[in-house]
Structure formats: C-alpha cells, structure tokens
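In what follows, a structure is listed as structure tokens, so that the remarks can point back to it.
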Amino acid sequence: MYKDMKKAILLFSIIALPLTVSAQELKFGYISAQEVMMEMPEINAIEKEIADFNAQNTKYMQDMQKEIEDKAAKYEKERATLSESIRKVQEEDLQILYQRYQNAQQTLYTEMQDKQAKLLQPVQERLKKAIEAVGKKNNFFFVFNLDEGGVVYKSEKAIDITALVKKELGIL
C-alpha cells in the first residue's frame, strides 16, 4: 500500500512538474563574476595590500636564502680541512636552516592565501548580493557563473546580466 502511494506521488510529480514550469516563462541569466569583481573599486586596494605583504616576505625569504648560501659556501670552502664530527655538525646545521627556509616559505604562502581570502570575502559577499538583487528584480529562475565552468550550452535566450550587476554595484 505504502509503496503504491509512493509511486503515485512520484508519477503525479513527474506529470505535474512540466505543467507548472510551462505555466510561467523561465528566465536564465549568466554572468562572469570574475570580470565584475576585477572592476570593483575595492580590488585595487586588496591587490596593493597583497603585493606589499608579498614584498615584505620576499625580502625576508631572500635574507634567509642568502644566509643558507653563505653558510653552504663557507662549508664547501672549509670542508676538506674539517674533522668528520665538525663536518657532520655543520651539515646538520645547513639541513636545519634549509628546513626552516622551506617551513617559512610554506607558512608565508598559507598566510598570504588566508589574508587574500579574508580581504576578498566582503567583496565576494557584496557581489553575491548584487547578483541576487538583479536576479530578483528581473525574475530570473537561475543565474549561472560562467567562470565556474558550469555552463556547457547557452541558448540565445539566455541573458548576460554582467552589465546589470555592474550597474547594481555602481561600477558601470
């Protein structure tokens, strides 16, 4: 009994859905969110902040690299005259320095990604709200982001809402 009722509901859903959908015209829009975001005024300040962060860290990493190179050159120069135990200690010191360099490099990369995500989050949220506003104002059923590669086919009836979103954000 329960199985038959479940089948009946499923069958009704399959039959009724096209009738409901065809009763109203479905509007689909698409956007290049990346294009819009790159034109938002906040992006220049974010790019500068990330560039400054990277420049500061590049200097730090270059200093570490120079220290490793100098110690490695000194070691190679003196290697032949060093005892086995001192050679081993200096090789371990070089290995530790190199490991510190690699760890610092990974840490700084992670920090840069976190900083970028934190700075972009309010911009992405503002863009999302603008897309939603345009979608609601224009009665779109769906809006697709072309940057995410989700659209394989786009009909001539699909509407590019990039300009509408730029207008909503005040950048057009």
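The values are calculated or read from the model by the stated rules, or taken from the named source; none is laboratory data. Computed from a prediction, not measured in an experiment: that's the story for all the values here. No Cβ is skipped: glycine too gets one built from the backbone with ideal geometry, and neighbour counts run over all protein chains shown.
Quick look at the numbers
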item: Only listed residue being among the aliphatic types (A, V, I, L, M), assigned to a helix (DSSP H, G or I), closer than 30 Å to Phe144 by Cα and within 38 Å of the chain's Cα centre (by Cα), chosen from Ala55, Ala45; result: Ala45
item: Complete set of residues in segment 73-120 that are over 30 Å from Glu42 (Cα atoms), assigned to a helix (DSSP H, G or I) and touching a Phe, Trp or Tyr at 6+ places or on another chain (Cβ under 9 Å); result: Arg87, Gln90, Glu91, Asp93, Leu94
item: Residue within segment 73-94 that is surrounded by fewer than 13 Cβ atoms within 10 Å (Cβ to Cβ) and under 33 Å from the mean Cα position of the chain (by Cα) present; result: no
item: Members of segment 105-137 that are without any contact (Cβ under 8 Å) to a residue 12 or more places away in the chain and either among the polar types (S, T, N, Q) or under 13 Å from Ala33 (Cα atoms) (or both); result: Gln106, Thr107, Thr110, Gln113, Gln121, Glu125, Lys128, Lys129, Glu132
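For (1) at pLDDT below 90; (2) touching a helix residue (DSSP H, G or I) at 6+ places or on another chain (Cβ under 6 Å); (3) not in a helix (DSSP H, G or I), each residue gets a yes or a no:
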{"site": "Lys3", "(1), (2), (3)": "yes, no, no"}
{"site": "Lys6", "(1), (2), (3)": "yes, no, no"}
{"site": "Phe12", "(1), (2), (3)": "yes, no, no"}
{"site": "Ile15", "(1), (2), (3)": "yes, no, no"}
{"site": "Pro18", "(1), (2), (3)": "yes, no, no"}
{"site": "Glu25", "(1), (2), (3)": "yes, no, yes"}
{"site": "Val36", "(1), (2), (3)": "no, yes, no"}
{"site": "Ala51", "(1), (2), (3)": "no, no, no"}
